[in-house]
Each structure stands twice: as C-alpha cells, then as structure tokens.
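K.L.:
Once you've had a glance at the structure underneath, I'll fire off some questions.
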Amino acid sequence: MPRWKPDARQRLVMAALGLFAEQGYDETTVAQISERAGLTRSTFFRHFADKREILTTGQTTLSRLLAEGIDAAPVDATPMMAVAAGLERASGEMTSFNRELSPLLHAAIEANTELQERNALKSIGMAAAMVDALKRRNVADPTAHVAAELGVLAFRLGYTRWADPSRDEDPGELAPHTRAAFDELRAAAAELR
C-alpha cells in the first residue's frame, strides 16, 4: 500500500521545524524528518531538494505574491498604494497553517546562526521583489526602495502580531494586521520630516 498522503509537504515542514527547534538544524537529518512525518525519504525528496529548502520555499512564494499584488495595483496607484496591494495579495494567501508554523520557525531560527542569516536574507529578497515590481511601474529607485522596505517591515510586524501564540482570541485573517502595521509605519514616516 502506498504511503502517499495529500498533506505530505505540510507534514514534512512541521516535522522539520519541530526537530530543528528540539535538537538543532545541523543535527537534524532528512531521515529523521521523514520518519517524524511518517513518510519515506523518497517522499521527502519529491518535495524538497534538501532540508535547507524547507526554510526557503516559502520565501520564493511570498516574494512572488508581493510582486503580483504590486503589478496588479491600479495604474494610477501611488508607490505606497501599490505596496499596500502587494501586502494584501501576500497576506490573503496566509492560512492557519502558516500561523501554526510561526512558533516552530521562530524557535528554530533563534537556535541557529545560519538560519538567522537566512532569515535576514528573506527580508532582503522580499524587498528586492517589491523594488523590481515598483520599478516596472516606473517608480524612481530611491522611492521604490523606501516603499519596499516599509512593506517588508509592515509584513513582518503584522505577521508577528497575527502569529503571536500568547493571544487568547482568534486573530482572524492576516491582512488586517499587515494593513494596520503599514498604516502605522506610514504615519511614523510622515513624522520624520
């Protein structure tokens, strides 16, 4: 009987992050991840090239979603309105699974210097995707960079609030959290004059 199940990718991610947090990234093997997920090594390699890819696969998707939202913004949208559209697009794709991953991902990153560096690169990749999308809209380079960095900060702040495990109430969707964070940052930037 085949061992394939439709949620294999999610199970592998959960197993990997749990092991990374418990015993460290370097000490965790693909065999251990597969075993914890109740899957075979070949199933692991159908979904991921190696254990590092578990941590980077979401970055590619997130960067793409941010850029798609900016690209889809109305032609007359300001750079900040376009970034807000990117945040809405990316936030709208986040599910309760993403929220459940947050504490495990945070613990794994905090325990490993290499993962901390990769996490920093994730922010750089998100910003670069937004800058490129803004430049396609003929936004000047400095303006594109500032708007993109505010977008990255807003996404991280909104996501942190949404995924906070200490919250007793259901946080609902991510989009209102990133929207509120973006509005706060825009107001803060206006006070810098």
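K.L.:
Please work out which option in (i) 18.2, 67; (ii) 15.5, 48; (iii) 17.6, 56 gives Rg and Dmax of the Cα atoms in Å calculated from these coordinates, and answer with its label.
P.N.:
(i)
K.L.:
Over the chain, give the accessible area per residue in Å² for a 1.4 Å probe, as an integer.
P.N.:
Details: 10530 Å² over 193 residues.
For the chain, the solvent-accessible area averages 55 Å² per residue.
K.L.:
Normalised by the empirical 2.2 N^0.38 Å for globular proteins, what value does the Cα Rg of segment 5-65 take? Before the final figure, lay out the partial values.
P.N.:
Values: Rg = 11.2 Å, N = 61, 2.2 N^0.38 = 10.5 Å.
Working it through for segment 5-65, the quotient is 1.07.
K.L.:
If one takes the longest principal axis of the Cα atoms in the chain, at what angle in degrees, from 0 to 90 and to the nearest 10, does the Cα axis of helix 113-136 lie?
P.N.:
40 degrees
K.L.:
Could you please state how large a percent of the accessible area of segment 126-170 is carbon and sulfur, counting protein chains only and using a 1.4 Å probe?
P.N.:
For segment 126-170, the apolar C and S fraction of the accessible surface comes to 54 percent.
K.L.:
Which angle from 0 to 90°, rounded to the nearest 10, does the C-alpha axis of helix 175-190 make with the longest principal axis of the chain?
P.N.:
Roughly 40 degrees between the two axes.
K.L.:
Given H placed 1.01 Å from N in the peptide plane, which residues other than close sequence neighbours of residue 137 have an amide H under 5 Å from its amide H?
P.N.:
none
K.L.:
While we're looking at this one, here's another question. For the chain, what does the helix formula give at 222 nm: sum of -39500 (n - 2.57) over DSSP H segments with n ≥ 4, over the residue count, nearest 500 deg cm²/dmol?
P.N.:
Mean residue ellipticity at 222 nm (helix-derived): -25000 deg cm²/dmol.
K.L.:
Using alpha carbons only, how many degrees (0 to 90, rounded to 10) separate the axis of helix 96-110 from the longest principal axis of the chain?
P.N.:
Between helix and principal axis, roughly 80 degrees.
The values are calculated or read from the model by the stated rules, or taken from the named source; none is laboratory data. If you're wondering where the values come from, they're calculated on a predicted model, not measured in any experiment. The protein model used for the area step is the full one, side chains on, heavy atoms only, and it has no ligands, DNA or RNA in it. Shrake-Rupley method; radii C 1.70, N 1.55, O 1.52, S 1.80 Å.
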